[in-house]
1. With N residues in the range 1-48, what two-decimal value do you get for its Cα radius of gyration over 2.2 N^0.38 Å?
2. On average, how much accessible surface per residue is there in the chain, in Å², for a 1.4 Å probe, leaving out ligands, DNA and RNA?
3. Projected onto the charge dipole of the chain (+1 at Lys/Arg Cβ, -1 at Asp/Glu Cβ, origin at the Cα centre), which of Ser80, Met42, Gln192 gives the Cα projection farthest towards the positive end?
4. Contact order normalised by length for the chain, with contacts defined as Cα pairs under 8 Å and 6 or more residues apart; what percent is it?
5. In what sequence, highest mean first, do 25-38, 217-230, 50-63 appear when ranked by Cβ atoms within 10 angstrom?
6. May I ask you to list, by number, the DSSP H helices of the chain whose Cα span along the axis is at least 18 Å and whose average Kyte-Doolittle hydropathy reaches 0.5 or more?
7. State log₁₀ I(q)/I(0) for the range 83-132 at q = 0.21 Å⁻¹ as given by the Debye formula over alpha-carbon point scatterers of equal weight, solvent excluded.
8. Cβ neighbours within 10 Å, averaged per peptide: list 12-19, 93-100 in order, most packed at the top.
Amino acid sequence: LLEVHHSSLTPEQLISCIMHAEPPEIYLMEDLKRPFTEARMMMSLTKLANKELFFMISWAKKIPGFVELSLTYQMHQLESCWLDVLMLGLMWRSIDHPGKLIFSADLKLNREEGNCVKGIVIIFDKLLAATTRFRELNLQREEYVCLKAMILLNSNICSTSPEMAEDLESRGKLQLLLDSVTDALVWAISKQGLSFQLQSARLAHLLMLLSDIRHVSGKGMKHLSDMKNNNIVQVSDLLLEMLTNGSRMSAPHDPSN
Ligand code: AOE
């Protein structure tokens, strides 16, 4: 399969590739004393996000065709969608746990536990609401992996810098990639034996949830930047390096420190 160019993959083969790209389950391995304090909860969440971002880069590189985009495009896509991708992953992990956010195997929080961080309960509620919606739709794993790849490929398709607008080659490739993942999602829905009408409705519902996720990630970013001003969040060495030295994105350091 790896020998075959992505443009000739069937939807089934493409989904199989994207499934194999899935990041591993994460453990924080901290003793999470309860009740949490604001600093301690934010430290755990930041540590988790750092680990996840490390795996997100390898995930993106395994999406067929992604590494064929220019490095500028690869970085731009990741920069503009990382929180959306983290949030969709969080919703997927939490789908069978009503009322709980399964941040990691050993960090499971309910909305009340958010009370210790100013402003976080509002975000938790939005994350829980979107998770409920996915649960009601009985989101399938195949659909989930397609949606996550679509976030990565779609995140900035219309609002690129002039420099990127000139890179017509990457722009075209990105559009083709997005089209093939869309085909794969349509295929995953069509497998479920629904009427044609219900298939279209399901596609629409799933895609509209991406706009909810975009909305929550905007709120989450605002929340994070408010906290940085209060010096509660400490950006890790890894991320600082990722932010200041783009070439290192292909070989990040071990995330466990
Ligand atoms: C959601 C899902 C998840 O798996 C983990 C987290 C942890 C923190 C949570 C967030 C979430 C949901 C929204 C929350 C947020 C804390 C406050 C907010 C609850 O309301 C996120 C912790 C983020 C830590 C900061 C990381 C800085 C990242 C910079 C990334 C970047 O700019 N680049 C260029 C890297 C992109 C490469 C992939």
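1. On the way: Rg = 19.3 Å, N = 48, 2.2 N^0.38 = 9.6 Å.
Taking the Cα Rg and dividing by 2.2 N^0.38 Å, one obtains 2.01.
2. Values: 13280 Å² over 257 residues.
So the chain comes to 52 Å² accessible per residue, rounded to a whole number.
3. Comparing the listed Cα positions along the dipole, Met42 ranks first.
4. Numbers: 243 pairs, mean separation 69.1, N = 257.
Relative contact order of the chain: 27 percent.
5. Values: 25-38: 12.3, 217-230: 14.4, 50-63: 18.7.
With the highest mean Cβ count within 10 Å placed first, the list reads 50-63, 217-230, 25-38.
6. Values: long enough: 38-62 (36 Å, 0.03); 71-94 (33 Å, 0.32); 120-136 (24 Å, 0.78); 141-154 (19 Å, 0.44); 168-190 (33 Å, 0.54); 196-229 (51 Å, -0.13).
The qualifying helices are 120-136, 168-190.
7. For the requested q values the scattering log ratios are -0.66.
8. Order by mean packing, descending: 12-19, 93-100.
The values are calculated or read from the model by the stated rules, or taken from the named source; none is laboratory data. Quick caveat, the model's predicted, so the values are computed rather than measured. Positions of Cβ are backbone-derived with ideal geometry, glycine not excepted, and every protein chain shown enters the neighbour counts. These accessible areas exclude ligands, DNA and RNA; they are computed on the full protein's heavy atoms, side chains included. Shrake-Rupley method; radii C 1.70, N 1.55, O 1.52, S 1.80 Å.
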